[in-house]
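Can you keep this structure in mind? I'll have questions shortly.
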Amino acid sequence: MNVNPVSPLALPFPEMPPVAGVALRVARARYKTWDRCDLTFAELAPGTTVAGVLTQSRCPSPEVEWCRKALTLGHARALVVNAGNSNAFTGHRGRAAVEAIAARAAQHLGCQPSDVFVASTGVIGVPLPIDKAEAGLDSAFNAAPCDWRAATETIGTTDTFPKGAITTAVVDGRTVTLVGIIKGSGMIAPDMATMLGFIFTDAAVEPGFLQRALTAANAPSFSCITVDGDTSTSDTVLAFATGAAGNQPLADDDSPGADAFRSALADLCRQLALLVARDGEGATKLIEVQVSGAESDRSAHRIAMSIANSPLVKTAIAGEDANWGRVVMAVGKAGEPAERDQLAIRFGNTQVARDGLAVESYDEAPVAAHLKGQEVEIGVDLGLGEGRATVWTCDLTHGYISINADYRS
């Protein structure tokens, strides 16, 4: 975790029990000149299955490429997460570092390197030092097990608070637990799932079903948040299922408890995604953008993201200014079907524009009160069809500039 003030939108870290089949350890690899743990090692029980969604960036890190290939095999024995160095755009030296990390962990566990998943976050363009990575891993192997909070704090960079979530589901007559930890504060604008997020469950789940469930859960959660419009080179979300709960393995939608598991996973992903939006760099307000009446859900999503990514909209909210003209601008630039004279806009529950015009003599008092709160809602109805989408973002303040101007120092 960094030294920036805790976000005013922060939520307390929840009580999260251990998940059977998962052992967590942290260590100091010293990837930066800081006195904190920066390597998280999760040992996973034999038989653990895995699924993932990864960045759509055309300049992915070697870790992303490694995970993408390893996911095709569907099983995992370990996860290694490095903080302070993203190892992205580092050529053959970056690839060698990932291979060395996977080999070291595999040797320790007696498994194949392809069973080891690796993720890194931090500065782009600096090769991950292999000597520090291996020494950090050796320290982690010998460290005492830690709790979820310690593991979460270790993977953070510009995060101002640790982010975790928990839920349960009844599967095949057994209560299974799902927990998730996540890091992310800036460079948040996913085409899949941004940040680094890791989900663990004791449910028994076949890899194919786990992948389908995670992909479905990703669409309305991680792919519906944005902080700054920038998609990271390292975005990774992985889900691990240890099978320790002993249920009949979930293989398809007809398996006992399949619907309950899907719902729980979707809920967990939404919780985690909103935590990232709450910790947007310099954020003082969480903004929910609801778009309805679009020609399709896809069109609604693109319009909603256009609004959420607009610096003019985000700075207006930071200044508590109900400048709905900026919302009109963001709708119009999205490149999606829209009819000016059918457009309606609201802030909170107050309609401010309808049929392409300002609502005559609308009461500004409730709008002003709404914008002074920490959670702001913008609603847009295009009046064209049944398409709808909801996305989340945060306001844009001087704090964002300060954090990113000094990021490498």
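Restricting to region 265-300, and then to whatever is part of a helix (DSSP H, G or I) and of a type in the set (S, T, N, Q), can you tell me which residue is surrounded by the most Cβ atoms within 10 Å (Cβ to Cβ)?
Among them, the one singled out is Ser299.
Any residue in region 141-159 that is farther than 13 Å from Pro18 by Cβ sitting within a Cβ distance under 8 Å of a residue that is acidic (Asp, Glu) and part of a loop (DSSP other than H, G, I, E, B)? List the pairs, counting only those 6 or more apart or interchain.
Going by the 8 Å Cβ cut-off, the qualifying pairs are Thr154/Asp38; Thr158/Glu281; Asp159/Asp279.
Right, next: Those residues that are surrounded by fewer than 24 Cβ atoms within 10 Å (Cβ to Cβ) and part of a helix (DSSP H, G or I), I need them from region 248-263; list them, please.
Ala258, Asp259, Ala260, Arg262, Ser263
Take Val81 and decide whether it is more than 13 Å from Leu39 (Cα to Cα), assigned by TED's automatic domain parsing to the domain that holds Arg212 and touching a residue at least 24 places away in the same chain (Cβ under 8 Å).
no
Which pairs have Cβ atoms under 9 Å, sit 6 or more apart or on different chains, and link a residue in region 234-260 that is outside the structural domain of Thr168 (by TED's automatic domain parsing) and among the polar types (S, T, N, Q) to one that is at pLDDT below 95 and outside any loop (DSSP other than H, G, I, E, B)?
From region 234-260, no pairs qualify.
From the list Asp259, Asp235, Asp252, pick out the single residue that is under 22 Å from Val64 (Cα atoms) and out of contact with any strand residue (DSSP E or B) (no Cβ under 6 Å at 6 or more places or on another chain).
Criteria check complete, one pass: Asp235.
Regarding Trp392, is this residue among the aromatic types (Phe, Trp, Tyr) and either touching a residue at least 60 places away in the same chain (Cβ under 8 Å) or touching a Gly at 6+ places or on another chain (Cβ under 8 Å) (or both)?
yes
Cβ contacts < 7 Å: first residue free of Cβ contacts under 8 Å to residues at least 40 places away in the same chain, restricted to region 301-330; second residue among the polar types (S, T, N, Q), any location; separation 6+ or different chain. Result?
Sorted first by the residue in region 301-330, then by its partner, the pairs are Ala316/Asn323; Arg326/Ser310; Ala330/Ser306; Ala330/Ser310.
So is Ala368 touching a Leu at 6+ places or on another chain (Cβ under 9 Å), in contact (Cβ under 8 Å) with a residue 12 or more places away in the chain and either crowded, with 20+ Cβ neighbours inside 10 Å or not polar (S, T, N, Q) (or both) or not?
Taking the combined requirement at face value, the residue does not satisfy it.
Residue by residue through region 43-63, note down the ones that are modelled with pLDDT of 95 or more, in a strand (DSSP E or B) and either surrounded by fewer than 24 Cβ atoms within 10 Å (Cβ to Cβ) or not assigned by TED's automatic domain parsing to the domain that holds Ile182 (or both).
Glu43
Another question, then. Quick one: which residue in Ala369, Ala405, Ala334, Ala389 is of a type in the set (A, V, I, L, M), touching a strand residue (DSSP E or B) at 6+ places or on another chain (Cβ under 9 Å) and either within 27 Å of Leu275 (Cβ to Cβ) or modelled with pLDDT of 90 or more (or both)?
Checking each option against the conditions leaves just Ala389.
Yes/no matrix, rows are residues, columns are (1) over 20 Å from the mean Cα position of the chain (by Cα); (2) at pLDDT 95 or above:
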| site | (1), (2) |
| --- | --- |
| Thr157 | no, no |
| Ala169 | yes, yes |
| Thr177 | no, yes |
| Asp235 | no, no |
| Phe240 | no, yes |
| Arg262 | no, yes |
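A follow-up question, please. Do we find that Gly125 is in contact with a Lys or Arg (Cβ under 8 Å, 6 or more places away or on another chain) and either of a type outside the set (S, T, N, Q) or at positive phi (or both) in this structure?
no
The values are calculated or read from the model by the stated rules, or taken from the named source; none is laboratory data. Because the structure is a prediction, the values reported are computed rather than measured. Don't worry about glycine lacking a Cβ; one is built from the backbone with ideal geometry, like all the others, and counts go over all protein chains shown.
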